[in-house]
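The values are calculated or read from the model by the stated rules, or taken from the named source; none is laboratory data. All values derive from a computational prediction rather than experimental measurement. Glycine also receives a Cβ, built like all others from the backbone with ideal geometry; neighbour counts cover every protein chain displayed.
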Amino acid sequence: MLDDELLEQYIHGFYGYGNLDADCWFIGMEGGFKEDVEDVEKRLEKRLKTWNEWEREELEDLRDFQEEIGIDEWFGENPKSQDTWNPLIRVLLAIKRGTQEEADLDKVKRYQSEKLGRKNGETLLLELLPLPSKSTDKWIYDEYSEIEYLQSRERYRIKDLIKDNSPKFVVFYGISNKEHYKEIADTDFKELHFPNSDERALLGSNSDTNFSIMMHPVARKMSKAYSRWIGKELQEA
């Protein structure tokens, strides 16, 4: 069993990776994992222990924290391309360029290794649910904890974070969770279809922030052009 007291502090006290002052926020439903359940338990124990030792910060530095808990394949001189982060980085690069010019893989991996989710950087990575899960129809934490609200899924509210910090761009990913995202954004969205494709996205805005709800990079293998299109639409909104 996990340490319920520490686990509950983590759930309520840890938001994600990066910088609340960042211009671009990426928000997903929950982190994923590919390991066996036993490995995930060990990884989560290490995550909780590290977060506790690092003074229980609301935000951590993605690279520093991941490397500390033994996840280093996404960083360094020759990082692997991470399936979820790759399309999100392409969205960001398109926003920054204001064009649909292609970003080569080396540039994407270099950004992933050096800049994504850094504590003083230009991005913030958040999850609605702070615990990783293999898929949205599987939930393992009732086996390792007696916390009542972990026996089913509860949404993790970040609406106030957005209101208080007013990022320029918020990119939600996973259209199947669009109703949760719409409630958090608290604005109207319109649906757009990527030309000559069944890929789609929703866009909305208020006086401070441009929002997008895009398809999940892992749930469906999306085209590079789709990511660039999302970035361009957000930049021009």
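Some notes on this structure:
- Subset of segment 81-129 [of a type in the set (Gly, Ala, Ser), surrounded by fewer than 19 Cβ atoms within 10 Å (Cβ to Cβ) and either within 17 Å of residue 217 (Cα to Cα) or out of contact with any Asp or Glu (no Cβ under 9 Å at 6 or more places or on another chain) (or both)]: 81
- In segment 208-229, of all residues being among the β-branched types (Val, Ile, Thr) and more than 9 Å from residue 171 (Cα to Cα), the one that is modelled with the lowest pLDDT corresponds to 218.
- Any hit, segment 202-210, residues being assigned to a strand (DSSP E or B), in contact (Cβ under 8 Å) with a residue 24 or more places away in the chain, in contact with a Phe, Trp or Tyr (Cβ under 6 Å, 6 or more places away or on another chain) and over 20 Å from residue 123 (Cβ atoms): yes
- Residue, nearest to residue 172 (Cα to Cα), within segment 25-36, restricted to residues that are at pLDDT 90 or above and either in a helix (DSSP H, G or I) or among the aromatic types (Phe, Trp, Tyr) (or both): 26
- Matching residues in segment 151-172 - criterion: being within 14 Å of residue 127 (Cβ to Cβ) and at pLDDT 95 or above: 170, 171, 172
- Single condition residue 103 does not satisfy, out of (1) part of a loop (DSSP other than H, G, I, E, B); (2) among the aliphatic types (A, V, I, L, M); (3) at pLDDT 95 or above: (3)
- Identity of the residue in segment 189-223, basic (Lys, Arg) and more than 18 Å from the chain's Cα centre (by Cα), that ends up surrounded by the most Cβ atoms within 10 Å (Cβ to Cβ): 200
- Residues located in segment 54-70, provided they are basic (Lys, Arg) and part of a helix (DSSP H, G or I): 63
- Residue in segment 37-46 that is at pLDDT below 95, on the phi < 0 side of the Ramachandran plot and assigned to a loop (DSSP other than H, G, I, E, B) present: no
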